[in-house]
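The values are calculated or read from the model by the stated rules, or taken from the named source; none is laboratory data. Please read these numbers as outputs of a predicted model, since none were measured by experiment. Virtual Cβ from ideal backbone geometry, glycine too; neighbours counted across all protein chains shown.
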């Protein structure tokens with residue numbers, strides 16, 4: 001076309017750039033862009049924006065960021081000289097850079113948005129705060145969070161969730177708890193958020209904080225789910241609070257939830273060789289578990305045999321529907337006189 005003296009117009013260049021970006025041939029798209037600049041088909045800024053839009057549409061975020069930074073360095077006398085005019089595109093650009101692990105690039109783009117104006121909208125703040133929080137940069141994330149409030153932009157639920165998750169991941173449970181209290185007051189606290197914090201406290205062995213959180217869930221009318229019940233039962237059994245665990249087990253069963261195998265095993269392991277265990281409460285817990293069919297098979301019940309007192313076997317045998325199938329392991333003798341629990345069970349099974 002050029003050989004015959006014809007000069008391509010901007011529509012042709014747009015189509016070529018877009019097609020190359022779409023097919024992943026970014027270097028060729030840049031080549032077409034350089035040709036467009038050399039031929040003077042468009043003003044410099046407009047030529048950059050043609051390339052930038054094509055990159056954004058085809059989710060080439062890193063390349064788009066480089067175009068913006070390059071154009072910004074040219075000091076062109078034009079408002080928004082290096083940014084896509086669409087605020088939605090700016091938001092997606094920042095979010096895309098965070099997803100690509102380009103935190104510093106995202107911050108540079110955000111700084112350009114702040115400098116060139118108009119100021120970031122709520123969606124852009126959301127992308128920045130969420131991205132920083134997910135990467136554990138909480139001081140920066142909370143700084144921007146405070147800025148949104150000062151600017152009169154009400155933070156979205158997604159911002160609270162991102163900050164909350166960031167606090168939990170970095171072990172800042174007290175800060176997470178403070179955030180959750182605000183979320184509860186605003187009516188945006190979710191079951192997932194409570195479960196995340198409960199799990200964090202349980203891993204630290206803080207059963208008291210767990211109970212307080214569960215109380216707040218009830219007071220705030222936040223529904224318990226499968227994970228909530230599971231974590232609560234495990235914590236109560238490990239703390240030897242079988243009476244309380246029984247109540248939760250019954251409530252869980254009546255609501256149609258299913259106790260998973262790992263929790264059954266955790267409960268079984270808690271029936272260990274401890275002198276302070278109330279056998280009556282253990283019996284009731286076992287009855288509740290068998291009532292809802294949670295330990296009707298040998299696999300989920302095997303840990304109970306390994307760790308339990310022999311004295312519990314008289315309680316266990318009549319409660320388990322198919323006890324014969326449990327006795328599958330080889331006897332392990334602690335010495336010549338004492339035989340294993342499994343061997344004693346064999347003698348009891350008719």
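The test for being loosely packed, with under 15 Cβ neighbours inside 10 Å, under 20 Å from residue 111 (Cβ atoms) and modelled with pLDDT of 70 or more holds for residue 69.
Kindly provide the set of residues from segment 54-66 that are over 15 Å from residue 36 (Cα atoms), touching a helix residue (DSSP H, G or I) at 6+ places or on another chain (Cβ under 8 Å) and assigned to a helix (DSSP H, G or I), ordered by number. Within segment 54-66, 55, 56, 57, 61, 62, 63, 64, 65 meet the criteria. Is it the case, given these coordinates, that residue 96 is free of Cβ contacts under 8 Å to residues at least 40 places away in the same chain, part of a helix (DSSP H, G or I) and surrounded by 16 or more Cβ atoms within 10 Å (Cβ to Cβ)? It is true that residue 96 is free of Cβ contacts under 8 Å to residues at least 40 places away in the same chain, part of a helix (DSSP H, G or I) and surrounded by 16 or more Cβ atoms within 10 Å (Cβ to Cβ). The residues of segment 138-160 include none that are modelled with pLDDT of 90 or more and not in a helix (DSSP H, G or I). Residues that are under 17 Å from the mean Cα position of the chain (by Cα) and part of a loop (DSSP other than H, G, I, E, B) were ranked within segment 171-202; the one that is surrounded by the most Cβ atoms within 10 Å (Cβ to Cβ) is 189.
Do the conditions hold for residue 163, that is, is it more than 24 Å from residue 222 (Cα to Cα) and either free of Cβ contacts under 8 Å to residues at least 40 places away in the same chain or outside any helix (DSSP H, G or I) (or both)? Outline the logic, then answer.
Numbers: more than 24 Å from residue 222 (Cα to Cα): no; either free of Cβ contacts under 8 Å to residues at least 40 places away in the same chain or outside any helix (DSSP H, G or I) (or both): yes.
So residue 163 fails the test.
Counting only helices (runs of 4 or more DSSP H) that fall entirely inside segment 216-276 and contain at least 3 residues that are surrounded by 14 or more Cβ atoms within 10 Å (Cβ to Cβ), touching a helix residue (DSSP H, G or I) at 6+ places or on another chain (Cβ under 6 Å) and at pLDDT 75 or above, the qualifying elements are 226-238, 242-254.
Condition check for residue 149 on (1) touching a helix residue (DSSP H, G or I) at 6+ places or on another chain (Cβ under 8 Å); (2) surrounded by fewer than 22 Cβ atoms within 10 Å (Cβ to Cβ); (3) over 12 Å from residue 163 (Cβ atoms): one failure, at (1). Scanning segment 102-119 for residues that are at pLDDT 80 or above and farther than 17 Å from residue 66 by Cβ turns up 114, 115.
Given the structure, is residue 211 assigned to a helix (DSSP H, G or I), within 22 Å of residue 256 (Cα to Cα) and without any contact (Cβ under 8 Å) to a residue 12 or more places away in the chain? No. Inside segment 25-47, residues that are modelled with pLDDT of 75 or more and either touching a strand residue (DSSP E or B) at 6+ places or on another chain (Cβ under 9 Å) or not in a helix (DSSP H, G or I) (or both) make up a count of 1.
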